[in-house]
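So the structure is just underneath, and the comments pick up after that.
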């Protein structure tokens, strides 16, 4: 490793130890490294930072941040909680399931794990405390479940990864995150259920619709509708069911119809909120608009829902939300710009090639190499925010996994799932700090209770890492990735 690389790493670590903000640490370390190369750091660093944020795709980030603020303030979390409670609230430890499912839904709509912790946790943690659930358990469930919204689209961090990786489709990343996000949520639910049974946390007796016979009618109508859609060839995607080939659209038609019949009252209050996911994802996949345009549409929809329909936000509160959006966007863009400069100097110093050679020299077994990368990323995630971590380590590790035959979309989802764990761990765990603040408890008390949930997230990460079809199946089915290109990945083939 050259002198420039050593200077870059040493200055960066020194500044972090001195508790200098991460964006400033990255920029100053880059400045010193460029100076060591003999170039003019003022011109070079400024140019690289400007080029780093000069991307049309990044324009989606402030729009998604604003829509998240509107959703968080607009009372949408409470409607999702009621809907989730109808679905899973009767199970043992039902409020733990409700908390997790609501965080998954709200996180995917807002695109922010921090917003999910504060909005959902602000209601669910006190409610679970009142029902006799352990305070630390409640904070642990909320904190870990909120991170699933970063995997279930739309997600700002997926946009950042697409820009950092270069030629990765944002739509493909969005589709790839659905199943891994659901798996992460199911693993967290499993741990929450086991702990609930051990501690005797009971389900909630919830009011159900008085007209249950309509539920059976809804099931029959849904099945008939699914068969008719498949017979008409509306979609040739899906799976075989008897002599029929049921398309994805037909399956969703059936599921939504059944759910709306079984829990009509809560679904009626939440369906406008849930419709945002369909509008954003459906529009992108249908080629109606780009991810950036979808973010702008999400803002308009969230504004109409929060201000006009639900009337939870007053017009006089809009300037405050715009100010918060501007501050958050400025922080994110500063991180992106600074990290872009560091990525450039790392490439000039041959750091990616050096790391790649070192990792490939450890073993020729993909399982070992990917495990090593995951361990390194989990360590990084404990002290570095997700955005700079993605921007810095994508150009380092992507060539390594590409040499193994791993698809860039698969690596992106693995990277995000890994760094989600860091949001829940001290000393820089954003979600952990917010959860402890909302739950009125300390990090020291929560950490012990959170260990089983860490185990669940790591187990889900291993499944996501070593079973690539979970990540790549949906993008292929939605024609965001070519099946032939996916099958070329050697990592996909049994060894």
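The values are calculated or read from the model by the stated rules, or taken from the named source; none is laboratory data. These numbers come from a predicted model, not from an experiment. Cβ: placed from backbone, ideal geometry, glycine included. Neighbour counts: every protein chain shown.
Here is a check on your reading of the model: is residue 417 free of Cβ contacts under 8 Å to residues at least 60 places away in the same chain, closer than 23 Å to residue 339 by Cβ and not in a loop (DSSP other than H, G, I, E, B)? Answer is no for this residue. Could you go through region 470-480 and let me know if any residue there is assigned to a helix (DSSP H, G or I) and within 22 Å of residue 190 (Cα to Cα). Yes, the conditions are met somewhere in region 470-480. Per this entry, residue 387 is counted among residues that are surrounded by 15 or more Cβ atoms within 10 Å (Cβ to Cβ), under 18 Å from residue 408 (Cα atoms) and in contact (Cβ under 8 Å) with a residue 40 or more places away in the chain.
Of all residue pairs spaced 6 or more apart or on separate chains, those with beta-carbon atoms under 7 Å, a first member in region 1-21 that is over 18 Å from residue 354 (Cβ atoms) and a second member that is at pLDDT below 80 are 16/383.
Return yes when residue 375 is assigned to a helix (DSSP H, G or I), surrounded by fewer than 21 Cβ atoms within 10 Å (Cβ to Cβ) and in contact (Cβ under 8 Å) with a residue 60 or more places away in the chain and no when it is not. Judged against the criteria, residue 375 is not a match.
Let's see how each residue does on (1) in contact with a helix residue (DSSP H, G or I) (Cβ under 9 Å, 6 or more places away or on another chain); (2) touching a residue at least 60 places away in the same chain (Cβ under 8 Å):
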| residue | (1), (2) |
| --- | --- |
| 285 | yes, yes |
| 288 | yes, no |
| 297 | yes, no |
| 305 | yes, yes |
| 313 | yes, yes |
| 316 | no, no |
| 324 | yes, yes |
| 328 | yes, yes |
| 335 | yes, yes |
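Listed by position, the helices (runs of 4 or more DSSP H) contained in region 285-370 that have at least 3 residues being buried (at least 17 other Cβ atoms within 10 Å of the Cβ) and within 25 Å of the chain's Cα centre (by Cα) are 291-303, 318-348. Only one of 182, 159, 170, 194 is at pLDDT 85 or above, farther than 19 Å from residue 105 by Cβ, surrounded by fewer than 19 Cβ atoms within 10 Å (Cβ to Cβ) and out of contact with any strand residue (DSSP E or B) (no Cβ under 9 Å at 6 or more places or on another chain); which? Just a single option satisfies the conditions, and that option is 194.
Residues of region 1-28 that are surrounded by fewer than 16 Cβ atoms within 10 Å (Cβ to Cβ) and part of a helix (DSSP H, G or I): 3, 6, 10, 13, 14, 17, 24.
Considering the conditions (1) surrounded by fewer than 18 Cβ atoms within 10 Å (Cβ to Cβ); (2) on the phi < 0 side of the Ramachandran plot; (3) more than 18 Å from the chain's Cα centre (by Cα); (4) touching a residue at least 40 places away in the same chain (Cβ under 8 Å), residue 382 is excluded by exactly one of them, (3). Every condition in (1) more than 23 Å from residue 319 (Cα to Cα); (2) in contact (Cβ under 8 Å) with a residue 40 or more places away in the chain; (3) surrounded by fewer than 23 Cβ atoms within 10 Å (Cβ to Cβ) holds for residue 52 except the one numbered (3).
There is at least one residue in region 187-201 that is part of a loop (DSSP other than H, G, I, E, B) and farther than 30 Å from residue 288 by Cβ. If residue 130 satisfies all but one of (1) out of contact with any helix residue (DSSP H, G or I) (no Cβ under 9 Å at 6 or more places or on another chain); (2) within 27 Å of residue 285 (Cα to Cα), what's the number of the condition it fails? Exception for residue 130: condition (2). Provide a single number: the residues in region 29-55 that are within 19 Å of residue 325 (Cα to Cα) and assigned to a helix (DSSP H, G or I). Within region 29-55, residues that are within 19 Å of residue 325 (Cα to Cα) and assigned to a helix (DSSP H, G or I) number 1.
Kindly establish whether residue 406 is under 23 Å from residue 50 (Cα atoms) and not in a helix (DSSP H, G or I). Even if it seems obvious, please write down each step before you answer.
Numbers: under 23 Å from residue 50 (Cα atoms): no; not in a helix (DSSP H, G or I): yes.
So residue 406 does not fit the description; no.
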